[in-house]
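See structure below.
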Number of protein chains: 2
Amino acid sequence: MTQKMNTEARREQIAGAALKLLAERGSEGFNIADLAESVGLVPSAIYRHFEGREDVLDAALDVFRDRVYGLVEAARNETQDPLQALELLLTRHARLIESGGAVPHIMASMSAPEGHAARRAKTERIFAGYVARVEELVRDGQESGQVRSDINAATVAVLFAGMIQPAALLRHAEGERFDITAHVARVWELFRRAVARD
Amino acid sequence: MTQKMNTEARREQIAGAALKLLAERGSEGFNIADLAESVGLVPSAIYRHFEGREDVLDAALDVFRDRVYGLVEAARNETQDPLQALELLLTRHARLIESGGAVPHIMASMSAPEGHAARRAKTERIFAGYVARVEELVRDGQESGQVRSDINAATVAVLFAGMIQPAALLRHAEGERFDITAHVARVWELFRRAVARD
DNA sequence: TTATGATGTGAATATGGATTCACATAGAGG
DNA sequence: CCTCTATGTGAATCCATATTCACATCATAA
């Protein structure tokens, strides 16, 4: 028998594994059997720690949120320079995606079916929260004079998110062939030119 | 009984309806019963015109591809000015999204499960084809001297796609509250500054 | 007008996964 | 060392959908 664990540790382990599967296959391809196998358990064991499938997905989204928001926090703490923080953030995203992290198909959960409105709402909140955090960074940049003040911070934040999403998609589609690090470096230059005060 | 139609017309009708549902709910929430109802048929009738669910999704993706590529063609034909064509294209995307068109969650099909590799591959091809077309427009712009020639056309094309995806997501999430037209107008200015030769 | 095939219908049937349940056992606390 | 409860297991069961099938009916063309 697989070694027993207390439910708190197990929950975290399962949620993490679920996020990984979710990132690989999207919520459509996500199923309890594979999840259980990926943590060395039998399907029914999952129910010792979660109410059911939706509960697992909910927990996975929590992990996702913490990880992504954590990325923003880390970038913020690493430098006082807001523009540099954004660049750092972008790079970290690239690294996370490269390591099969997540991000792309998670957001696809936003298109969750009617019945799973809660999941959808949660994903939307996470995305909105992310954009809001980036927006704040942009505002800081405007106050520090590095970012043009004649542009809308929210718009910039959405554009920033737009640098990540398609890259993640391409990475998922083309795999190794797509050099996300190089792409991100190039697209950053474009972004900088768009938003930096000359 | 619902009026009979010859299979060609019916197929088109069904594929169009399927695309609509897909855009609203994603492939996870897509089911034959709702599809049938949306065209005033009974579920089993769908099988008179399609092999099965995957076949329907395949046809819906065809409609999507034609529509999106058509947008690019239309923008191209409307003006000789490549940069203006891109702006037109962006605006048209916004309008398509606004009218509940599609785009966002379709691309989420890229995360189709293992078993549906064909669907996934097809979606990837469509996305790649879209980016390639935009890239060509960017190249034209570089040749005409409107777009900086020291930047990578492919990178610009991906960034362009990145202006649309998150906007579509937000539109889906926030609905009317998100003024996609206004957003697109603002983000276009950013994009222009990033890529236009001064 | 009528014969015929194509299209539509409703009632099965099939299937893949989630969920439940009765039973087994590890492992923490006394 | 013993007990008792939380955790793990395998075998059902349930359920939502896809899919099939026998039958009905419309559309068309001879």
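The values are calculated or read from the model by the stated rules, or taken from the named source; none is laboratory data. On a predicted model such as this, the values are computed, not experimentally measured, just so you know. Positions of Cβ are backbone-derived with ideal geometry, glycine not excepted, and every protein chain shown enters the neighbour counts. Keep in mind that these areas ignore ligands, DNA and RNA; they rest on the heavy atoms of the full protein, side chains included. Shrake-Rupley method; radii C 1.70, N 1.55, O 1.52, S 1.80 Å.
Structure data summary
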read-out	value
Whichever residue in the range B:1-36 is more than 24 Å from the chain's Cα centre (by Cα) and part of a helix (DSSP H, G or I) and, among such residues, is farthest from DNA strand C (Cβ to nearest atom)	B:ALA33
In the range A:122-141, the residues that are open to solvent by 40 Å² or more (accessible area, probe 1.4 Å) and farther than 20 Å from A:GLY70 by Cβ	A:ARG139
Condition check for A:ARG65: within 20 Å of the chain's Cα centre (by Cα), away from DNA strand C (no atom under 16 Å from the Cβ) and either of a type in the set (S, T, N, Q) or open to solvent by 30 Å² or more (accessible area, probe 1.4 Å) (or both)	yes
Per-region count, the range B:16-31, residues within 7 Å of chain A (Cβ to nearest Cβ) and in contact (Cβ under 8 Å) with a residue 24 or more places away in the chain	3
Count of the range A:75-100 residues which are within 19 Å of the chain's Cα centre (by Cα) and either at positive phi or open to solvent by less than 80 Å² (accessible area, probe 1.4 Å) (or both)	16
Qualifying residues in the range A:1-22 (those that are open to solvent by 10 Å² or more (accessible area, probe 1.4 Å), more than 8 Å from DNA strand D (Cβ to nearest atom) and not acidic (Asp, Glu)) - the one farthest from A:ALA168 (Cα to Cα)	A:ALA9
Any hit, the range B:44-56, residues being open to solvent by 30 Å² or more (accessible area, probe 1.4 Å), more than 14 Å from chain A (Cβ to nearest Cβ), touching a residue at least 40 places away in the same chain (Cβ under 8 Å) and not in a loop (DSSP other than H, G, I, E, B)	no
Residue in the range A:32-43 that is under 30 Å from A:ARG197 (Cβ atoms) and open to solvent by less than 20 Å² (accessible area, probe 1.4 Å) present	no
Single match in A:LEU159, A:LEU170, A:LEU137 (criterion: more than 25 Å from B:ALA182 (Cα to Cα), assigned to a helix (DSSP H, G or I) and either away from chain B (no Cβ under 11 Å) or free of Cβ contacts under 8 Å to residues at least 40 places away in the same chain (or both))	A:LEU170
Selected residue [away from DNA strand D (no atom under 11 Å from the Cβ), more than 27 Å from B:ARG125 (Cβ to Cβ) and away from every other protein chain (no Cβ under 14 Å)] from B:LEU88, B:LEU61, B:LEU71, B:LEU41	B:LEU41
Residues within the range A:142-155 that are more than 7 Å from every other protein chain (Cβ to nearest Cβ) and either open to solvent by 30 Å² or more (accessible area, probe 1.4 Å) or within 23 Å of A:ILE106 (Cβ to Cβ) (or both), tallied	8
